[in-house]
Every structure is written in C-alpha cells, then in structure tokens.
1. Take the alpha carbon gyration tensor of the range A:165-304, find the square roots of its eigenvalues, order them as a ≥ b ≥ c, and report rounded if a/c is under 1.5; if not, report prolate when a/b exceeds b/c, else oblate.
2. Kindly express, to the nearest 10 degrees and within the range 0 to 90, the angle between helix A:237-248's C-alpha long axis and the longest C-alpha principal axis of chain A.
3. Within 10 Å of each Cβ in peptide A:199-205, how many partner chain Cβ atoms are there on average? Round it to a whole number, please.
4. Relative contact order for chain A: what percent, with Cα pairs under 8 Å and sequence separation of 6 or more?
5. Return the calculated 222 nm mean residue ellipticity for chain B, to the nearest 500 deg cm²/dmol, obtained by summing -39500 (n - 2.57) across DSSP H runs with n ≥ 4 and dividing by the residue count.
6. In nm, give the distance between the simple-model label positions of residue A:41 and residue B:196, each being 7 Å from the Cα along the Cα-to-Cβ direction.
7. Taking Cα centroids, how far is the range A:1-53 from the range A:243-278 in Å?
8. Given the C-alpha centroids of the range A:63-98 and the range B:113-144, what is the distance between them in whole angstrom?
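Only the coordinates and a few stated rules stand behind these numbers; no lab work does. Please read these numbers as outputs of a predicted model, since none were measured by experiment. Here the Cβ positions follow ideal geometry from the backbone for every residue, glycine too, while neighbour counts run over all protein chains shown.
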There are 2 protein chains.
Amino acid sequence: MYFEGSEKKFEVIARGAAFRTRPESYWATLVELAGAKILSKISNEACDAYLLSESSLFVWDDRLTMITCGRTTLARSAAYLLKDLPSLEFISFERKNESFPHQQETDFQKDVEILRQHTDGRAYRFGSPDEHHLFLYHMNKPFRPQGIDCTLEILMYNLQGQPSEIFHSGQTIERVRQLTRMDSIFPGFQIDDHLFHPCGYSLNAIKGSEYYTIHVTPEETGSYVSFETNVRLGNRIATALRAVVDVFQPRSFDVIYFHPEKELKSVDISPFIQLNYVRQSLNCGYEVGFSTYGQRVVEPQPAVALEFNP
Amino acid sequence: MYFEGSEKKFEVIARGAAFRTRPESYWATLVELAGAKILSKISNEACDAYLLSESSLFVWDDRLTMITCGRTTLARSAAYLLKDLPSLEFISFERKNESFPHQQETDFQKDVEILRQHTDGRAYRFGSPDEHHLFLYHMNKPFRPQGIDCTLEILMYNLQGQPSEIFHSGQTIERVRQLTRMDSIFPGFQIDDHLFHPCGYSLNAIKGSEYYTIHVTPEETGSYVSFETNVRLGNRIATALRAVVDVFQPRSFDVIYFHPEKELKSVDISPFIQLNYVRQSLNCGYEVGFSTYGQRVVEPQPAVALEFNP
C-alpha cells in the first residue's frame, strides 16, 4: 500500500445555511464518514478551520470546503451534508486522478452516482486519461459568485533536494515553518499546523474569510504537496505561484484555478514548460482552468527496485 | 468502461525449447488464458506471428514474445507456459501503467506474485507513480544475449489530426497501409494486419527472425498506438523513431529500449521535449531505458463532458 497524496475536494454554498451553528459532533460525524478524523480547530470571526488526519475542512456561515486525501470516501460526507440542505446554490466535487487508483474504494463515476442521488449535475474531465487530469462534478444550476470569489490550487509532484527531507517527524515544527516561509508569502494569517509521524505535514491558515492550506506527503514513492487558497491575488498570482513552487521544488506541478470571470493566463515559470492547458466555462458561474507544468530531463535516473512480499 | 490501450508484455528465452513444434491448440489455450483469441497467423522459416484479438504473439524456436492490451490477464498465460519449461534462460514481464487501472483484474504486484510461483525474479518501476511509468519483472539469473538482441518500443498517446480518424472500420485496409507508410520505413516484411470493428488496427510483420508490430486504439478517450520491433537499427534508431512518430502524430510518447550493451541516447525530436529518462542495468544481461517525451501546449483545450449513466 502506498499513500495517495492526491485529493478529493467538495465545496458547497447554501445561503442562509448557518453552517457554523452546527455542533462539533456534526462535523466529527461528517469527517468520519470520509474515513478521517478532526485533529484540531482554529476559528476567527468568519471561519472555522479544521485540520484533519487526511487534509482539511473549512466552514463559513454559508459555505464549506472539505479536502481529503489518501483512501478517503469524501462522496459519503458530501451525501450526508446534502441530505438536509434544502437551499443549495452551488456544489462542486473535484477529484484529481490518483497515482494508485486501484487502492481507492470508489472511482469518480461511483462518486458521481452518489452525488446524483442528491442533486442534478454535470461531470467533466480536464486533461487526457494518460496525463495528470482533474475530474469535476458541479450542480447544474446557474449561480453568480459574490465578488471576486476565486480559488487557486497548486499540486506539486516529486519534491527535489532539501524539501523532500524536511517534512519528517524528526524535524521541529518551527524549522518546517522557517523552511516553508509561508508567512513571508502570505503575511498575517492565523496558523494551525501539524507534523505527522513518521512523516507528513499539514497546515491551515485563516485571516477573515480568507484561507490557505498545505498538505505534504513526502513519501519516497510519489512525494506530493498540495497548496490551496482563496486569497484574492489579482495580479500577484504569477508571483505567488512562483514563490510556492520555489519553496517545494517539485519536478512537475498542476495549477487549478476557479474565477467568476477571468481565466488564468499561462505563466512563465522557468525552467518549467506548460505541457497541458484545459479550460472550461461552467454554467454554475465559474471559469475553470487546469494546467500541467513539467521540465526537461537533466540526467537519467535509475529505476526503483520494488520490494513486494513473496 | 474505456478501452485500455496500454499493454502487458511477456518474453521468454529457453534454449532447446522447440516452441514451434507445439500444436496450434497449445497456443490457442495460452492466448485464451489471457482472455484473448487468435485471429490469424503468418509464418516464415524462423518465426510464427499470431495476430490476437488483443495484440500479438511471436513464437521462435527458442523464444517467445506475447503482448496483450485491454483487460487481459497475461500473467496467467505466463504461468501456464512456465509450468513445463525446465531450461529457462531469460524471462521478462513488462506492464505499462494503465490509464484505467481500476478496470484491471490484477495489478503489477499480483502479477509478480503469480510469476514468483514459477521463478525467482526482480521487480522494478521505471518512472514516478504520477507520470508515465513502466513496471518490469525479470528472472534473477545471469544471461548473455546472443549478438545484438535489442528491442525498441514506442508508445504514443493522443493522436493529433488525421491519424485519429483513419483507423476506423469505414476505411479500407489498403488506405490504412498507405497512410501508415510502414513499408517505406521497414521494407521487405511479410504483413498480417486487421482493421477492427468499430475501430482499431493491428499489424504483425516478419522478415527472417525480425518483427515489428503495431496496435492502434483510436478511441477518443485515450487514443493510443504502440509500435515495437527487434530490427537491428544501429545508427538508424533516431531516424526510425522520428519516422514512426511522424506517421501517428501523438501529443506525447514513451520509448522503451532493451539492448545487451548500449543505452538509448537522448534523441532530439522537435517539437518534443524529453521529460523523463530512467535507465537501469539488469543482471539478466540487458540495459533498459524508459523515456517520456511531451510538448509545450499550443492552445487551451476544452474539458471533456462525461456521460455517466445515472
């Protein structure tokens, strides 16, 4: 069994839902249905941010974003939430293609079958089946996002050099924070982070209604980092993207961008080369882009010897 | 269900095995164990080439190469063959990572468990789990290949333009041959080819002990072509590689190369960029290289709407 870093993500907007009035036990059950646990929580006036054993849950008054990795069954949590939400405005369910999909309990098609029991929707694939690609299901209902409601996700693969070594439990969390330098890229956020045993690192950060979140799975077989934020970056997107990629030094990365109006322009991040770019207008009010960046090989690598038990 | 073009491949060398004296019923059973059928056969003084419902089987006096795609269970055929072969010299079992691995009956680890019941061996992964990669199992026994025993495999993904349209059963087989121009790249071969309904094309070609074989799965979801040959190309490898890639016009391709001594040099095939290169010396006598080539994105593509049954 290998650890699957790639995530599923569920987002709901239901105006008037008053999500934050629901008791802790409700969120504990929701998270357990995915096969995860709540580790800790931070709050401010706008948002509750739960750090999970497998990724994160962010709860605002009228919306919710839940991200889970590993072998979690996020569609079950989604179904639990949807069964008593009469005034839905927007739903999206994302699933990045996995590196080890045969270890998953469901595939995207089964997830869609679960979600369709609660809401009519449309399903898309961003990218070719043989390449990095994103599955996306959204509720089939016109929606006008409020203001500049954007999300930037950066999925990074095969950390090179030092970053692959710093996310093990032998480190102190202060040292990890120093090395990730997030406070200099996104200053003024309240932080909740966790170093896992024997390895792995998760971080939730909130400031008003804004968040960013980081999940690192440094396992040698398929090291992976996801970064996600709803910070309104405007013209600073390319700068932020470059800064995050600089910290984690992946061999390749994907960018996912949701915005009510704008598409993400191609970004020049030398030495990376944009290998794929899929964009789609959704009738639920968002422009969505998915892009993969790789780089020219520098020198040959040896094959990896696999130690299967006989 | 999508059609999986990616192949599994099994190769055996057993001097004195006299494989070609085995009756047709033996090969029919061997092929059926993988879940495939023999469609046709051509022969010359050195080789019998069977065209299968899922790829190909080549049989020489002392060696055998079987390639199967789709949801086939090639490890079962391998186990059937191995149970009565006392004088084994060389075994390799390759499995390209699939685009739809959750549709497969086994994964590579299970295949290795089956093979280990008959022979001790080593398992490798060429490439990262998130990228195109190759699994390889080989018998753990020193072996000295005779002469220049090399194999070139070219795996091509996402055919662009005309090639994606010419492999449907509305075409004549003469037109397909004209368009693939193989006779000008590899002249003088005896050909056996088949156009599948509603789409797909397979070709076996032999000349003395040399072969090449082509399998096209032009399905819109994950179009794919594999080309493989044991022709001793020497300095003509780059030229042949360029010629084959020119015919099928993929968006990306992998190259796998087996040679007793030489590694495959990086090849400049503009506009393709070498994104990955893994090479490994195996103690069974071969240098093996696996390389992936992609290209810079030219313009954004729309997402693909998925029509799952509710």
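1. On the way: a/c = 1.96, a/b = 1.16, b/c = 1.70.
Oblate, because a/c is 1.5 or more while a/b does not exceed b/c.
2. Computed tilt is about 50 degrees.
3. Details: counts 0, 0, 0, 0, 0, 0, 0.
Averaged over the peptide's residues, the number is 0.
4. On the way: 639 pairs, mean separation 54.1, N = 310.
Answer for chain A is 17 percent.
5. Working: 6 runs with 52 residues, N = 310.
Rounded to the nearest 500, it is -4500 deg cm²/dmol.
6. 5.4 nm
7. 27 Å
8. First find each Cα centre; the distance between them is then 39 Å.
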